[in-house]
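*Asks:* Here it is, the structure in full.
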Amino acid sequence: MRAARLIKMVLLLQSRPSMTAAELARELEVSERTVTRDAQALSEAGVPVYADRGRAGGYRLVGGYRTRLTGLHRSEAEALFLSGVPGALREMGLEDAASAARLKVSAALLPSLRDASRTAAQRFHLDAPNWFKEPKTPALLPAVADAVWDDRRITARYRRGDDEVVRELEPYGLVLKAGVWYLCARVAGGGSFRVYRIDRFTAVDTGEELFEREPEFDLPAFWEERAEQFARSILRVRVVVRLSRDGVRRLPYALDSLSAREALADADAPDDDGWVTVALPVESEEVAHAQLTALGPEAEVLAPGSLRERFAGDALRLAGLYHRQDDV
C-alpha cells in the first residue's frame, strides 16, 4: 500500500511544478505528517524531492527528474477509455484504476499538454440518467463488472416475474442505458446471447473458471439489434391517427421516434386540409392515450373505436372545464 502511494506521489509531483503538503495529503488521502514522512523516504531512496519553505512553498522534483514508472496496467488502460463517464466508472468500481491511469498519462505528457485532462473535462460531460429519476446503482454491479473484465463465468440468481431463476452465464459486456445497467451475456455451454437487467440480480457468484470470448462478438452492434427487437416486440397495438402539419412535426417527440418516422414514411399524401393519416404501432391503448394526448388538437384518433371514444370524452371534459372557467 505504501509503495503504491509513494509512486503516486512521484507521479503527482512530476505532472505539476510543485504541490503543497495539504494538496498532496488531499490527493493521497493521508495526513500532512504522512506526506512529510513519504517525501523523506523518497529522498532517501534517491528520488530528488525538494521542499520549499515559506508561504509559497511546497514539494517539487528537482533537476528535471522523470520516473519511468508510467507504463499502464491493462485495467488502467481499459479504464482510461471510459474516463469521460466518471459516474459509470465509480459504479463499476474502476474509479481508482482510472485515476492512476490519468496520472501516468499526465506524467508522460509534455509540460505544455498537461492541462489536457482539465480542459477536456470543462468541455465534455456525460450525464447518462433520465431527467426526474433518481439513479440507483445495483449493489452487484462491481462484481459483475469484475467478471466482465476478467472473462470469468458467473452464476447469477435473478428475478423473473414472481420467480427467481439461476443461470450460469458468460458475461460479455455492460451497457448503461438511460441510467439502467444491463448485462449482455451468453448462457454457459454454448447457449444463446441474452440481455439481463442487473438491478434484478439477487446474487452473483464469480468462480475461477474462465470462458473464451467469441472473437466476432461486437457489443455495440449486438445492443443496437436487441434494443430494436425489444422496442418492436412491445409495440403490439395499431392506432390510426390523422395529424395536422404541426402534429406530423411533433409526432417523433411524443412516440417512439423510430416507429413514428417509419409510420410517416408509409403514410399517404396529405388530404385537402393538409392532414396526414398514419397507422402507428403502440404498446397499448393506455400508452397511446398518454402519448397522443401530448399532441392535443393536432391529432385525431380514427381507430380503434374505444380509443377514439376516450379522446372524445377527454374533449368534452376539457370543454366543460374551460366553459365553467369562462362563467366565473
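The values are calculated or read from the model by the stated rules, or taken from the named source; none is laboratory data. As the structure is a prediction and not an experimental result, all values here were calculated from the model. Positions of Cβ are backbone-derived with ideal geometry, glycine not excepted, and every protein chain shown enters the neighbour counts. Each accessible area value is taken on the protein alone, full model and side chains, heavy atoms only, with ligands, DNA and RNA left out. Shrake-Rupley method; radii C 1.70, N 1.55, O 1.52, S 1.80 Å.
*Asks:* Hey, among the residues in the range 140-164 that are under 12 Å from TYR196 (Cβ atoms) and over 17 Å from the mean Cα position of the chain (by Cα), which one's modelled with the lowest pLDDT?
*Replies:* Once the filter is applied, the top-ranked residue is ARG160.
*Asks:* Would you pick out the residues in the range 279-296 that are hydroxyl-bearing (Ser, Thr, Tyr) and open to solvent by 40 Å² or more (accessible area, probe 1.4 Å)?
*Replies:* Filtering the range 279-296 down to residues hydroxyl-bearing (Ser, Thr, Tyr) leaves 284, 293.
Listed by number, the list holds a single entry, THR293.
*Asks:* Any residue that is under 12 Å from ARG5 (Cα atoms), assigned to a helix (DSSP H, G or I) and either open to solvent by 60 Å² or more (accessible area, probe 1.4 Å) or touching a helix residue (DSSP H, G or I) at 6+ places or on another chain (Cβ under 9 Å) (or both) - is there at least one of those in the range 44-61?
*Replies:* Scanning the range 44-61 turns up no residue that is under 12 Å from ARG5 (Cα atoms), assigned to a helix (DSSP H, G or I) and either open to solvent by 60 Å² or more (accessible area, probe 1.4 Å) or touching a helix residue (DSSP H, G or I) at 6+ places or on another chain (Cβ under 9 Å) (or both).
*Asks:* For VAL240, state whether it is at pLDDT 90 or above and not in a helix (DSSP H, G or I).
*Replies:* yes
*Asks:* Determine, yes or no, whether SER257 is open to solvent by less than 60 Å² (accessible area, probe 1.4 Å), closer than 23 Å to GLU228 by Cβ and without any contact (Cβ under 8 Å) to a residue 12 or more places away in the chain.
*Replies:* yes
*Asks:* Still on this structure, I have one more. Being open to solvent by 40 Å² or more (accessible area, probe 1.4 Å), within 32 Å of the chain's Cα centre (by Cα) and over 26 Å from LEU176 (Cα atoms) is the requirement here; does ARG250 meet it?
*Replies:* yes
*Asks:* Of all the residues that make up the range 254-309, how many are among the acidic types (Asp, Glu) and assigned to a helix (DSSP H, G or I)?
*Replies:* Final tally of qualifying residues: 5.
*Asks:* OK, next. Tell me, please, whether a residue that is buried (at least 16 other Cβ atoms within 10 Å of the Cβ) and in contact with a Phe, Trp or Tyr (Cβ under 8 Å, 6 or more places away or on another chain) can be found in the range 208-218.
*Replies:* Scanning the range 208-218 turns up no residue that is buried (at least 16 other Cβ atoms within 10 Å of the Cβ) and in contact with a Phe, Trp or Tyr (Cβ under 8 Å, 6 or more places away or on another chain).
*Asks:* Working only within the range 26-43, note down all residues that are hydrophobic (A, V, I, L, M, F, W, C) and in a helix (DSSP H, G or I).
*Replies:* Correct list: LEU28, VAL35, ALA39, ALA41, LEU42.
*Asks:* Also, I was wondering about something else. Any idea how many residues of the range 219-233 are surrounded by 13 or more Cβ atoms within 10 Å (Cβ to Cβ) and more than 18 Å from TRP181 (Cα to Cα)?
*Replies:* So the answer is 1.
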